[in-house]
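What follows is a single structure, written as structure tokens, with notes after it.
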Amino acid sequence: MKNKIILSISLGLLRLLARLPFCMLYGISNGIAFLLQRVIKYRRQVILNNLRRSFPEKSEQEIRQIASRYYRHMGDLIVESVKLLHISNRQLEEHISVRQADLIERLAADGRSVIVFLGHYGNWEWVQEVTRHYSRPQLNAEIYRPVKDPVSNTIMKAVRARFDTMLIPQKQAVRTLLRLNNEGRQFLVGFIADQRPNSKNLHHWTWFLNQDTAYATGGEEIGRHLNCHFVYLDIEKPSRGHYIMTFHEMKPAEHTQQPYPYTLLFMQLMEQTIRRDPAYWLWSHNRWEFDREGNTIQRK
């Protein structure tokens with residue numbers, strides 16, 4: 001009962017906030033960024049250390065400038081996510097430009113499903129807007145990691161329900177996608193594949209952003225088992241509140257000996273996206289917490 005009351009009040013307040021125009025929301029975003037950076041100092045050392053190790057060629061001044069822009073982007077992410085509770089299709093079209101969506105139509109014409117790899121770059125909560133720019137596959141799904149707090153998890157699902165996309169909990173992904181495939185239902189499913197695997201699944205490593213980096217293979221394993229197409233979604237943020245999302249067909253080098261060529265190609269493409277403008281990636285995530293043995297890396 002307590003959780004239901006908290007949820008009802010929280011969603012009510014967020015829906016009221018979502019009705020504010022963007023100009024007011026970005027004013028709130030400025031305040032959030034100031035609190036995170038100057039008052040709370042949210043994960044300050046994690047952010048700075050991640051940036052320093054990823055870009056050793058940059059000066060300390062450049063690193064701190066990127067970090068400051070990242071905090072402002074975090075503020076934008078928060079208010080833009082809330083805005084999904086009350087935003088029209090016309091407003092979304094004004095803020096998001098989707099390019100090469102015809103690629104999805106062409107690939108899906110053979111009846112095979114599509115795996116889309118993307119990262120925590122730009123505004124990944126707005127990414128589902130791309131589903132309105134092609135007609136096939138008709139079924140769109142997103143793999144997500146549930147939040148432990150039930151109230152926060154329900155709010156997150158309410159925000160992501162804006163696009164009528166099937167939300168599949170991470171632990172149910174394999175079973176659900178196999179079932180859809182067995183039912184003959186063609187789908188497009190997005191995998192945000194730049195997160196760190198948990199400490200029990202540190203089996204596959206590559207060089208990413210100047211560091212030895214573990215990567216997850218679930219998206220490729222599922223896609224290859226179901227004979228899916230693989231696509232990368234590149235995201236740009238040309239100005240505040242505006243995003244360009246571009247589909248690229250993934251074509252690993254022929255005759256490669258790599259066990260997971262699509263995932264490694266994703267990591268390469270993701271690094272290119274990040275290096276183009278580093279401020280918009282999720283630097284507050286402790287991406288490099290463990291070494292190859294699963295031990296916590298001690299940072300100075």
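The values are calculated or read from the model by the stated rules, or taken from the named source; none is laboratory data. Please read all numbers here as calculations on a predicted model, not as lab measurements. Don't worry about glycine lacking a Cβ; one is built from the backbone with ideal geometry, like all the others, and counts go over all protein chains shown. The accessibility values were calculated without ligands, DNA or RNA, using every heavy atom of the protein model including side chains. Shrake-Rupley method; radii C 1.70, N 1.55, O 1.52, S 1.80 Å.
Points to keep in mind about this one:
- Using the average count of surrounding beta-carbon atoms within 10 Å as a protection proxy, the listed peptides 114-121, 125-132, 231-238 rank, highest first, as 114-121, 125-132, 231-238.
- FRET efficiency estimate (nearest 0.05) - Cβ-Cβ, Gln138 to Arg175, R0 25 angstrom: 0.75
- Residue-averaged 222 nm ellipticity for the chain, from DSSP H runs of 4+ at -39500 (n - 2.57), nearest 500: -13000 deg cm²/dmol
- Gyration tensor (alpha-carbon) shape descriptor, the stretch 177-270, a/c threshold 1.5: oblate
- The stretch 185-240 and the stretch 243-300 have their alpha-carbon centroids 8 Å apart.
- Solvent-accessible heavy-atom area per residue, rounded to whole Å², over the stretch 1-159 at 1.4 Å: 51
- Whole-percent pair-distance distribution, where bins are 20 Å wide, for the alpha carbons of the chain: 30, 61, 9
- Mean accessible surface per residue for the stretch 167-280, computed with a 1.4 Å probe while every protein chain stays in place, in Å²: 49
- Of all aspartates and glutamates in the structure, those lying under 15 Å Cα to Cα from Lys2, and not within fewer than 8 positions of it along the same chain, are Asp149.
- Magnitude of the charge dipole, the stretch 68-111, Cβ model with Lys/Arg +1 and Asp/Glu -1, debye to 20: 260
- Packing-based ranking of 184-190, 245-251 yields 184-190, 245-251, ordered from highest to lowest mean Cβ neighbour count within 10 Å.
- Farthest positive-ward along the stretch 213-300 dipole, Cα basis, beta-carbon charges - from Phe230, Ile244, Phe266: Ile244
- Links that overshoot a 31 Å alpha carbon limit, given the list Lys58/Lys200; Lys83/Lys148; Lys41/Lys171: Lys58/Lys200; Lys41/Lys171
- For the chain, the residue among Gln91, Ile9, Thr131 whose Cα projects farthest onto the positive side of the dipole built from Cβ charges is Ile9.
- Contact order normalised by residue count of the chain, Cα under 8 Å, 6+ apart, percent: 24
- Heavy atoms of Met156 accessible to a 1.4 Å probe, total area in Å² rounded to 10: 30
- Charges were assigned to the Cβ only: +1 to each Lys and Arg, -1 to each Asp and Glu. The resulting dipole of the chain about its Cα centre is roughly 1180 debye.
- For the chain, share of DSSP beta bridges that run antiparallel, in % to the nearest 5: 40
- With the simple spin-label model, which puts each label point 7 Å out from Cα in the Cβ direction, the Arg44 to Ala158 separation comes to 3.4 nm.
- Carbon and sulfur %, accessible surface of the chain computed with the full protein complex present, 1.4 Å: 51
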